[in-house]
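Data first, discussion second: the structure below is written as structure tokens.
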Amino acid sequence: MLQIQHICKEYRTGNLIQKALDDVSLNLRDNEFVAILGPSGSGKTTLLNIIGGLDRYDSGDLIINGISTKKYKDRDWDSYRNHTIGFVFQSYNLIPHQTVLANVELALTISGIGKSERRKRATEALEKVGLGAQLHKRPSQMSGGQMQRVAIARALVNDPDILLADEPTGALDSDTSVQVMDLLQEVAKDRLVVMVTHNPELAEQYATRIVTLKDGVIRSDTDPFEVDETTMGAAEHRNMGKSSMSFLTALALSFNNLKTKKARTLLTSFAGSIGIIGIALILSLSTGVNQYIQNVEEETLSEYPLQIQSTGFDLTSMMVGMDSASADDKKTDKEKSDTKKKSKDQVKVIQMVTNMFSTMDSNDLGALKKYLDTGKSGVEQYTNAIEYKYSVSPQIYKENKDSIRQVNPDQSFSAMGLGSSISTNSMMSSMMSTDVFYEMPESSKLYENQYEVEKGHWPEKYNECVVVLTSNGRMSDFMLYTLGLRDPLELDEMIQSFMKEENVTTPDDLGTYSYDDIIGTKFKLVNSSEYYEYDSQYQVWKDKTDNEDYMKSLVANGEDLTVVGIVKPAEDAKASSLSPGIAYPTSLTKHVAEQAAKSEIVKQQLANPDVNVFTNKKFGEKDSENGFSMDSLFTVDEAALQKAFGFDASAMNNLGNSLDFGNSLNLSESMNLSKAFQTGSNTLDLSGLVNPDSLNLDLSGMPQMNLGEIVSNLDLKVSPDGMKQMACGLLTGYQEYAKTHPEADYSGLGEDFTAFLKTDAAKKIISDNIKDIMKSSGTVTITTEKIQELIKNIMAGYEQYITEKGYTDPDQFDEYLMEYLQTDEAKKIISDWMSEVMPEDPKIEITPEQLEKLSDDLVKGYLAYASENGLPDPSKMGEHFMAYLQTDDGKKQFQEGLSAMIDMDQLESQVSKIIGNYMNQAMGTMGNAIGQVLETQVSSAMTQIVSQMTTGLESAMKQMMTNVGTQLQNSLGNAMQIDPTAFADAFQMNMTEDDLAELMMSMSGKGLASYDSNLQELGYVDFAVPSAINIYPKDFEGKEQVAKILDDYNSRMEAEGKDEQVITYTDVVGTLMSSVTTIVDTISYVLIAFVAISLVVSSIMIGVITYISVLERKKEIGILRAIGASKRNVSQVFNAETFIIGLCAGLIGIGLTLLLLIPGNAIIHSVADNAKVNAVLPIVPAIILILLSVVLTLLGGLIPSKKAAKSDPVTALRTE
């Protein structure tokens, strides 16, 4: 229901006041056809506009369904018109540049209806008025009656409560008028229709109620509607929502309008694009020059980043300059004269090596990473990337038929002392490494533009890798074995032949291979933590790497690592960030570390940082008990054991004292290895340093075993011949056993140790200890002249070498030099120089502490080397001997020996338990004693053991077993007798040979481990603490800023007293300033400033053109307001128009610029004689210029769009 209460409306023109409505009150029903008649100027249209919300009343109230409109704001009236009112105008008021369907959809669009729903409802509305087949016609293509029906469809599409028709038949002929009136009459059946007309006949024929209006006052009402106001509540204010027009709709309206003025739009856009073209050309040229400079800088710096290793030192300390002032240079003339007299026969020492090592220190990379990650350093703006490296080496295998081969870390040349090292700060390890797998930089922009993808693609997942070829598209023959293209056994045979100093047979034809042979090659990735299996009984993790079946199963179930691409350096690349080989992404390193962190063994180690998970003992703990339970190894049938032994009680009276192992079991004779390590004429005489005769085990701490209290009625009898027979039989059997069990074969120990001494680790141990000894002795000096002589000789030989080889590429200088240093000539130069520098008989004093440290380091190094390379471990000799005892032959030899040695009838049942307890204590004491002797004594003579162990060990063991047998026979005499069959049947093994070997290896191994080394071995890393940081500056200026940031960091750490956090970094390229880019940028900015003036002129011009468009589209403004568009929506329409013009101007400007760059670059190449300098417009600046064009045109059109929004809709609708 619509209530008009005391509405008044006046129009003022100067001093003239005209009353359009004077206290008009009218109640309208929800569904009736009301015709308002009256002469011109009677207020009919004004009343209609007030009902429709197009015009505002001065006083009174308009109440819609009990809702007062007194406090309505603009947005409320907009929503009211959009949702409640539908207008039908005399002049149709359709938007000419929109289709019929779009005109009808417009009201729904403003309502926020979705596209599909809009299309459906608009189509249905047009079908109801009989225009379903003419949806895509424009108003200009239709008759007046059809256009009026379109207007009715537009008015009805939003299903309004009220339909207002202002002279709907005024411009139609009679027949068409009847059709329209019939349509309105049909509409009035379910809603209120208010029609203003001059035709009383139509009103009488169709209207259900006629209201006559004259001079702004209602004169008559044929069917008044009285409302009982007493039963109705007071009208209240309530918002009716808001209308909304999307910017896309505004764009569509403006775009269709501009299409009707194509020529003007294009000319305007072109005028606006002139400034864009000028700026774009300047930016293109500037960018091209800067990009050329930057490419040269980046390609150089990508190969030589700023490197910060976990341990660093200053290489400049090695360079002794002629202009460097010494301490003597600062003395007075008198002091110099006195010093000269006192030191005529003295040689001064230049601190070169000592200075270098004095600068060596550990870098706290964790603190530096934390600082860089905060973003406070500002280093990001000067760098292309900051790469963090971690000491993680993926365990990669290749399956070859029925065998497996570890290809990373590579073990192929381990027997020759060559191989990879986990350490990232060892230059020697990188030189001696044979690994072909390596980690790529995480940032792909550091290398992708330097390489061409020959086949496939770059790695996209962690389990993908890429083969990197040389610049001429080749790869090494070693890669063929790694990729499985050739049989790895062929390589092994060549290595073995070389090691045996035999003629090496090399393949004549290595074959030819295509990219398809390489792409898709699969490797297997294994987690380091899966090498170990938990033993719940002893609570240790057993090493399963020696278990062939276990390793095959582990590798078979490992993750696939696939070669997905083949790349080689681009022809125009000035640097190569990647080395030839197989490169894997950083994500693989992270994956390996994350998988390790999830493993149970790592979790257990992290949870117990003081306990070694491999041995279940605290790190560094020397326990008197080894924790080994004899009950778990053997099952003893006590009843059978009692029947097996018999003792003579009279012979046992003094047995307890006779078995005092602390005093009587002297192994100085039985394990005298002094003659076991002779090397003939090449003997390394260390007799002055270590006396092998003193290898006497101190077992005074071993508990006494008083058998008198346990077996007082037992008679033990031991035969010396039987003891000797058992010892000889066991040794002979063990030799045969070792032939089929290489892990127990110590015949090659000498060669293995020689190979170990050739490794980086051994060389570093010996080098570090010798440096300490030499430093403490202080007798070896190296003069400046000697160093200069060495450099001169090397450079002379190098010059001749590159001349002979025809090497001319200066970029390959480092590689040529490294290649020359590997030649015999270079090695001889260095060797001769060392012979001259080092005295023939240096007086070097070696303290016991230094000797002990050298021994300890070598023992630890060899144990780790043997473990890594699967070589027999001397510390596990006892374990292997026990493993042999569990074989059929071992059991046979042992039983036959016991049968010949001991005879006994009975033994008390509790002997098994007591012996087990005693053995736990005794073996712990003996193990500690032997370990101490091996670490302090045997390791001292390790250099002699290399060639002597093979022949001396067997004879020493035989002698030891014979002496022990004799001593035991002398102690026991004829007091013990044994039934061999009963004794053998009383003991049964609870473990298999493999289980026992793995258990003993785990419990006795890892003795030199630490918490950090265990985690590193298991592949775990703390991502907060990298092992190296590589910083890639953008250019030389950026590198200088990065170096300054690092220096400032060091200064701040020193000021705060945190010297341990001061870092040392390596700058390979050196500092180099470049101001070319600054000059180019300055010139570009000046030119852009001049050209930008044209953009301002363009904005003003576009503002004027937009204002003209506002005047041209005034009626369209009225139509939009009539169907519910807000002032903001109208402003959006014209902002959209300026947006389109600005976008066109920007696109035209960028498009013409790109076309002009084609001849422009040809001119540049011709003038500059350099085809690598290309003027190019970057995407981002191009987009910015387009946005700038849009923004400037929007600013230019703000004033016209504001004016359009403020237009009076009633006035606008009257515009023709």
* Asked: Does at least one position in region 203-216 carry a residue that is exposed (fewer than 15 other Cβ atoms within 10 Å of the Cβ), in contact with a Lys or Arg (Cβ under 9 Å, 6 or more places away or on another chain) and in contact (Cβ under 8 Å) with a residue 60 or more places away in the chain?
  -> yes
* Asked: Restricting attention to region 136-145, does a residue exist that is hydrophobic (A, V, I, L, M, F, W, C) and either under 12 Å from VAL100 (Cβ atoms) or not assigned by TED's automatic domain parsing to the domain that holds TYR57 (or both)?
  -> yes
* Boolean, SER1166 is more than 41 Å from the chain's Cα centre (by Cα) and either assigned by TED's automatic domain parsing to the domain that holds LEU285 or modelled with pLDDT of 90 or more (or both) -> yes
* Just one of (1) surrounded by fewer than 20 Cβ atoms within 10 Å (Cβ to Cβ); (2) touching a helix residue (DSSP H, G or I) at 6+ places or on another chain (Cβ under 9 Å); (3) touching a residue at least 24 places away in the same chain (Cβ under 8 Å) trips up ASP30, so point out which. => (2)
* To do: Would you tally the residues in region 1013-1032 being within 21 Å of VAL1062 (Cβ to Cβ) and either polar (S, T, N, Q) or surrounded by 20 or more Cβ atoms within 10 Å (Cβ to Cβ) (or both)?
  => 5
* Asked: Residues in region 1136-1145: is at least one under 30 Å from GLY86 (Cβ atoms), in contact (Cβ under 8 Å) with a residue 60 or more places away in the chain and either of a type outside the set (S, T, N, Q) or in the same structural domain as ASN49 (by TED's automatic domain parsing) (or both)?
  -> yes
* Structure fact -> Selection from region 6-35 of residues under 13 Å from GLY60 (Cβ atoms) and of a type in the set (A, V, I, L, M, F, W, C) yields ILE7, CYS8, ALA20, LEU21, VAL24, LEU26
* To do: List every residue pair whose Cβ atoms lie under 7 Å apart, where the two residues are 6 or more positions apart in sequence or sit on different chains, the first residue falls within region 148-161 and is among the polar types (S, T, N, Q), and the second residue, located anywhere, is part of a helix (DSSP H, G or I).
  => GLN148/VAL180; ASN158/ASN82; ASN158/HIS83; ASN158/ALA107; ASN158/LEU108; ASN158/SER111
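Please state which one of THR470, THR521 is hydroxyl-bearing (Ser, Thr, Tyr) and surrounded by 14 or more Cβ atoms within 10 Å (Cβ to Cβ).
THR521
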* To do: Working carefully through the options LEU48, LEU106, find the one that is in contact with a strand residue (DSSP E or B) (Cβ under 6 Å, 6 or more places away or on another chain) and in a helix (DSSP H, G or I).
  => LEU48
* Segments classed as strands (runs of 3 or more DSSP E), wholly inside region 487-558, with at least 2 members that are in contact with a Leu (Cβ under 9 Å, 6 or more places away or on another chain) and of a type outside the set (Lys, Arg) -> 522-526, 532-535
* THR169 passes all but one of (1) part of a loop (DSSP other than H, G, I, E, B); (2) surrounded by fewer than 22 Cβ atoms within 10 Å (Cβ to Cβ); which number fails? -> (2)
* Asked: Pick from ASN1161, ASN1135, ASN1174, ASN1129: which is modelled with pLDDT of 75 or more, of a type in the set (S, T, N, Q), in a loop (DSSP other than H, G, I, E, B) and crowded, with 18+ Cβ neighbours inside 10 Å?
  -> ASN1174
* Unmet requirement for GLN735, which otherwise passes all of (1) closer than 30 Å to ASP888 by Cβ; (2) in a helix (DSSP H, G or I); (3) modelled with pLDDT under 75 -> (3)
* Quick one: in region 605-623, of everything that is of a type outside the set (Lys, Arg), free of Cβ contacts under 8 Å to residues at least 24 places away in the same chain and not in a loop (DSSP other than H, G, I, E, B), which residue is nearest to LYS544 (Cα to Cα)? => VAL611
* To do: Could you tell me whether any residue of region 427-439 is buried (at least 21 other Cβ atoms within 10 Å of the Cβ) and modelled with pLDDT of 70 or more?
  => yes
* Structure fact -> Among residues of region 1006-1045 being under 16 Å from the mean Cα position of the chain (by Cα) and among the hydrophobic types (A, V, I, L, M, F, W, C), the residue nearest to GLN605 (Cα to Cα) is VAL1021
* Structure fact -> Log entry, pairs with first residue in region 116-134 being free of Cβ contacts under 8 Å to residues at least 40 places away in the same chain and part of a helix (DSSP H, G or I), second being surrounded by fewer than 18 Cβ atoms within 10 Å (Cβ to Cβ) and not aliphatic (A, V, I, L, M), beta carbons closer than 8 Å, six or more apart or on different chains, reads THR123/GLY132; LEU126/GLY132; LEU126/GLN134
* Go over the candidates LEU37, LEU106 one by one and state the one that is more than 30 Å from GLN134 (Cα to Cα) and aliphatic (A, V, I, L, M). => LEU37
* Which condition breaks for ASP23 when tested against (1) buried (at least 22 other Cβ atoms within 10 Å of the Cβ); (2) on the phi > 0 side of the Ramachandran plot? -> (1)
* Of the numbered conditions (1) touching a Gly at 6+ places or on another chain (Cβ under 6 Å); (2) surrounded by fewer than 21 Cβ atoms within 10 Å (Cβ to Cβ), TYR538 fails exactly one; give the number of that condition. => (1)
* If a residue has to be free of Cβ contacts under 8 Å to residues at least 40 places away in the same chain and farther than 30 Å from LYS763 by Cα to count, how many in region 429-471 make the cut? -> 2
* Any idea which of TYR532, TYR513, TYR550 is more than 20 Å from PHE413 (Cα to Cα) and either in contact (Cβ under 8 Å) with a residue 40 or more places away in the chain or in contact with a Gly (Cβ under 6 Å, 6 or more places away or on another chain) (or both)? -> TYR532
* Selection within region 559-603 - assigned to a loop (DSSP other than H, G, I, E, B) and of a type in the set (A, V, I, L, M, F, W, C) -> ALA570, ALA573, ALA575, LEU578
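The values are calculated or read from the model by the stated rules, or taken from the named source; none is laboratory data. Keep in mind it's a predicted model, so treat the numbers as computed, not measured. In this analysis, Cβ positions are derived from the backbone assuming ideal geometry, glycine residues included, and neighbour counts consider all displayed protein chains.
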